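Notes for the one structure printed next.
The values are calculated or read from the model by the stated rules, or taken from the named source; none is laboratory data. Remember, predicted model here, so these are calculated numbers, not experimental data. Glycine also receives a Cβ, built like all others from the backbone with ideal geometry; neighbour counts cover every protein chain displayed. The accessibility values were calculated without ligands, DNA or RNA, using every heavy atom of the protein model including side chains. Shrake-Rupley method; radii C 1.70, N 1.55, O 1.52, S 1.80 Å.
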Amino acid sequence: MKKAIIGVSVAVVWGVCVTMFALAAKPEQTTENQFTILTVKEDAVKDYNTMPVFQDLAKETGLDVKWTFQTSTQYGNNTDPVGIKGIDAIYHSGFSNLKLYDYGKRGRIVAIDQYLKVMPNFQKILDSRPDIKEALKSPDGHIYSLPRIEEMGLKQFPNILYLNKKWVEKLIDTNQMPSNVVLTKEQLKDGLDLKRSEFKAILEKFNQLDMDGDNDPKNEIPLSFVSNNWQGNEADLIASFGLPENREHKTVVGDKITFTFEDEKWFDAVKEIADWHDKELIRSSAFTQGENDFLARGQGGRYGSFYWWEKKTVCSNSDDYIIVKPLINDETGERYVGVSNEQEIEKGEAVILGSCENKESLLSYFDKFFEPIYSAQLNYGSIKSGAFKSEKVNGKLIPNDDHGEQSADDFRMKNAPYGVVYLTKETWEKSVEMESRAKLRLENLEAYVTPYKFEGATSIPNLNYSNEELVTLNTYEASLSNNVASWYANAITSGAVPTKASWQGFLDANKKSIEKVKEINQGAYDRYLEALNK
């Protein structure tokens with residue numbers, strides 16, 4: 001939920017003309033211990049200056065840090081955010097690899113690896129985790145941003161399929177179950193096995209009948225998801241055709257960079273999903289809605305099934321839903337899920353401007369963020385705000401699951417600044433207890449999803465590119481991504497049956513981009529493996 005809650009992942013619009021800056025210029029520093037940090041924050045999130053975690057950091061470091069804000073829209077409309085007068089750093093910068101390198105080589109942002117003597121926590125991380133060090137480097141070997149590292153093992157598998165068991169029970173009670181589906185009420189529990197054809201037949205009944213009993217058989221939504229979202233997307237539905245699919249249609253299989261959309265099975269999946277759309281088993285909104293719209297629609301109790309991590313976030317009647325294992329391929333009898341490329345090591349969370357007059361002090365301040373006590377509060381909310389219980393258990397901070405009438409997501413949205421944190425397996429074992437809902441997600445994934453990972457498929461890690469490679473990727477990768485998304489959405493929602501000729505034409509038209517992007521990514525991936533001595 002993180003990305004939806006606070007908009008940490010900001011799509012920086014670099015080609016837009018400079019708009020009148022919404023943030024008034026701040027006065028220059030009056031002492032070497034005063035700093036102004038710009039952060040990207042939505043209106044619902046509390047003022048960082050009032051957050052106890054930042055007040056505690058100020059007391060411990062003796063630094064006077066003033067936080068100033070822009071929304072993601074305001075920030076995205078600035079073509080040169082590092083040129084803002086009166087600021088010393090940008091939090092939630094969202095800078096791409098190319099922007100980090102471009103600003104870094106010109107000295108407009110700081111090469112943080114040159115200041116490690118004042119950053120013992122960050123130095124220890126780089127020494128003990130060569131994978132993190134490698135992931136953070138720019139083409140010249142420097143590190144220009146502070147990372148967000150939250151390792152739970154969740155992001156690689158961002159989808160769980162839920163089914164409304166109450167509606168299925170109604171089909172059983174009224175003798176209206178599809179003829180090709182044999183189910184008893186006793187089978188309706190987490191871990192249900194269904195072939196893709198059986199699942200489709202159930203959705204067809206959901207669409208034909210008045211399942212929610214409001215005398216309107218047309219307001220049920222048989223299957224919902226958020227297409228191309230980082231979680232709760234339709235990738236696992238496509239994967240059921242025998243592909244290591246993820247939302248980017250790009251993965252590693254046997255150490256080779258692979259585009260799933262080049263496989264004929266991908267075309268078969270698109271053709272079938274188009275049929276589901278034409279039969280109104282999937283509504284057009286699934287391909288246009290954002291997370292907030294998806295979650296709002298779920299509260300009405302009209303979903304027959306949906307993809308998400310946890311059901312309580314989606315629907316108020318969560319007890320009515322059970323987990324369906326990845327759908328069985330009718331032809332092979334196998335199940336498949338791909339692996340997402342969402343990274344638990346994220347670059348670009350914070351950058352220090354070259355114009356900052358006391359870089360050492362500000363970097364020593366940020367170095368505290370990597371300590372478990374601060375990382376936990378930055379990620380979930382401060383102890384004083386009620387994010388954790390007041391007393392530790394066995395030396396560990398214990399999350400407070402009771403936030404009154406507000407949900408855990410609402411509480412975190414208001415109280416947690418996220419950003420630069422370091423939460424790893426060691427942290428969970430020694431310093432901080434995972435949220436109960438996070439532990440439940442892991443249990444569900446391990447029981448019902450991860451055993452069916454496509455053999456040999458792995459995430460594409462954070463890769464390092466040369467300057468020439470970054471320029472080439474900037475030329476080809478974004479346009480290729482847009483072209484794939486456009487062809488995919490049109491093939492499913494246009495009402496016309498997708499043809500192989502159309503799909504082959506799409507591949508032919510994008511052949512050069514496909515080859516260039518694969519070649520560069522493969523080279524960078526090979527270097528990554530070599531650097532880690534794999």
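Points to keep in mind about this one:
- Helical runs (DSSP H, four residues minimum) scored at -39500 (n - 2.57) apiece and divided by the length of the chain put the mean residue ellipticity at 222 nm at -11000 deg cm²/dmol.
- Computed about its Cα centre, the charge dipole of the chain is approximately 640 debye, with only Lys, Arg, Asp and Glu carrying charge at their Cβ.
- Here the contact order of the range 444-531, divided by its residue count and restricted to Cα pairs under 8 Å and six or more residues apart, works out to 49 percent.
- Relative contact order [Cα under 8 Å, 6+ residues apart], the chain, whole percent: 21
- The order of D236, D410 by accessible area, most exposed first and with a 1.4 Å probe, is D410, D236.
- Sequence ranges 73-84, 153-164, ranked by mean other-Cβ count within 10 angstrom, highest first: 153-164, 73-84
- Normalising the Debye intensity of the chain to I(0), with uniform scatterers on Cα atoms only, and taking log10 at q = 0.07 Å⁻¹ returns -0.43.
- For the chain, the longest principal axis of the alpha carbon atoms and the long axis of helix 52-61 meet at an angle near 30°.
- The chain: angle of helix 500-509 to the longest principal axis, Cα-based, in degrees nearest 10: 20
- Charge dipole (the chain, unit charges on Cβ, about Cα centre) - positive-most of S340, A111, G304: A111
- Of all accessible heavy-atom area on the range 160-324, the percent that carbon and sulfur account for (1.4 Å): 42
- Relative intensity of the range 160-324 on a log10 scale, I(q)/I(0) at q = 0.08, 0.11, 0.15 Å⁻¹, equals -0.24, -0.45, -0.82, per a Debye sum over C-alpha point scatterers of equal strength in the absence of solvent.
- Computed over neighbours whose Cβ is under 10 Å from that of S466, the net charge equals -2, Lys and Arg +1, Asp and Glu -1.
- Positive-pole candidate from A531, Y465, F506, dipole of the range 403-534, charges at beta carbon: F506
- Think of the chain as having a plus end and a minus end, set by charges on the Cβ of Lys, Arg, Asp and Glu; of F454, G395, V40, V40 sits farthest toward the positive end of this dipole.
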